[in-house]
Amino acid sequence: MHAQFATVDITPTQPAPLAGYAARQGNFTTVEAPLEANLAAFPLPDGTCVFLGSVDTLFVGPSLSDRIADAAGVAQERLVLVSTHTHNAPSLAPEVPTLGLHDPSYGDMVVRRLGEAVRRLIDGPKEAVSAAYVQCAAPFNVNRRRPAWMLDYGTLRRKRRFRFGKGVAMAPFDRGVVDPLLRCIILRGENGTIRGVLWSYACHPAFFPFRDRVSPDFPGSVRAHLRRRFGDGCAILYVPGFAGSAIPRIPFALPRSAGECLARLLPFNPGLPSFTPASYGEWVERLCATAAACVHDAPAGDEAPAVTFARTRSPDIFIGQGSTSGSDVPLDMARLDFGPSCGLVAITGEMVGEWMPVLPKSLFEQRIATGYLAGPCLYVPTDAVVRQGGYEGDGFRSRFGLDGRFVDGMDRIVNSTLGTIFQ
């Protein structure tokens, strides 16, 4: 198996809005840490290459993905671009302006730099690498879909209408499904040097304590930590796993404002905690140490003759009714196998953790499974999550510009489509 790696700086140099929160206004104020796209090129048996990329942004929308492929001179199907889903980067998905306006000049810069990087990977020499899978316990995340009795204080205040009932609150839920493992695929050169790390941890990078600053959030902190341990030339590719309903396990902190104190005191008002700068730093340090130990303990890799690659598209899972970001939505799925012992499966959309008990167990054995593949931007709930409701089931749609409904039988569609790329 051969590969080549590249790291591309995509830090904005001009004022731009950040994507991730519908209520955030204005441009970023400062750059806390640089943004990157990390790429790996793998030759295929047919003489072409597949390009795996991890991009520091909320989503890579379909239009940007198509433009990057055009700039690189490759077929869009051979680009497997996964967003890290940081909520502190400029938008690369003009299809969802409600989550953060897209700055065309920033998009142009990213398209140009990634296109140039892919062209260099095509023309450059490839090196022999081996691949090894390793995983370790990382009990730092929690499900955020808590069944609860709730009183809608916003409707009560704005419309003087009383709405009270049982639903699914966006709040920590210890009994909810979450992937508690940090998963890595280690790519080593012929001399044993670590040349690339593909790692995954199912957790939303949405709680960086400074919302007005550019930051890759915890994926960038882990990346910097691993490079200090294993060398600056190491390409670190993070993918979020099935993180649609997973958040950091944030420690308790006293309220920092009168409004926050009131929100906590109101009955039937469950909500999300937030990090202080100190608690965020402590949480990230634990994650960095776990990731470094996981990579360090990885076994020697297998010598594989070549990477195998398959890609497919599902039937429509969402039927639009006047949708602003397209009418009907299918899912794209890509599979990369690094020899017989490990691989990656990437799917468009925010796959919720509740998919784990629904899909075959073999999908998560010696393999990284992730959402956030470049393409349509939406949550991908299971049938049960659609029935239960909550933000990931139906509450997200207006913020994503989607008007319509999920089809019946989501579980069956996703399972059967995955089956086609494992034949």
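The residue that is nearest to residue 380 (Cα to Cα), among those in the stretch 269-319 that are touching a residue at least 40 places away in the same chain (Cβ under 8 Å) and of a type in the set (Asp, Glu), is 316.
Filtering the stretch 391-423 to residues that are within 23 Å of residue 176 (Cβ to Cβ), open to solvent by 20 Å² or more (accessible area, probe 1.4 Å) and modelled with pLDDT under 95 leaves 394, 395, 397, 399. For the residues 112, 120, the requirement of being of a type in the set (Lys, Arg), surrounded by fewer than 16 Cβ atoms within 10 Å (Cβ to Cβ) and in contact with a helix residue (DSSP H, G or I) (Cβ under 9 Å, 6 or more places away or on another chain) singles out 112.
The C-beta contact set for the stretch 398-422 (first residue at positive phi, second residue among the polar types (S, T, N, Q) and not in a helix (DSSP H, G or I), distance under 9 angstrom, 6+ apart or interchain) comprises 401/323; 401/324; 401/325; 404/321; 404/323; 404/327. Among strands (runs of 3 or more DSSP E) entirely within the stretch 311-378, having at least 1 residues that are under 25 Å from residue 132 (Cα atoms) and small (Gly, Ala, Ser) singles out 332-337, 343-348, 367-373. Within this structure, residue 110 passes the test of being part of a helix (DSSP H, G or I), modelled with pLDDT of 95 or more and among the aliphatic types (A, V, I, L, M). Pairs linking a residue in the stretch 361-381 that is touching a residue at least 24 places away in the same chain (Cβ under 8 Å) to a residue that is among the acidic types (Asp, Glu) and open to solvent by less than 10 Å² (accessible area, probe 1.4 Å), with Cβ atoms under 6 Å and 6 or more positions apart or on different chains, are 371/350; 379/350; 379/392; 381/392.
Inspection of the stretch 374-397 identifies at least one residue that is under 19 Å from the mean Cα position of the chain (by Cα) and of a type in the set (Lys, Arg).
The values are calculated or read from the model by the stated rules, or taken from the named source; none is laboratory data. Fair warning: this is a prediction, and the values are worked out from it, not measured in the lab. FYI the Cβ positions are ideal-geometry reconstructions off the backbone, even for glycines, and counts take in every protein chain you see. What goes into the accessible areas is simple: the full protein's heavy atoms, side chains included, and nothing from ligands, DNA or RNA. Shrake-Rupley method; radii C 1.70, N 1.55, O 1.52, S 1.80 Å.
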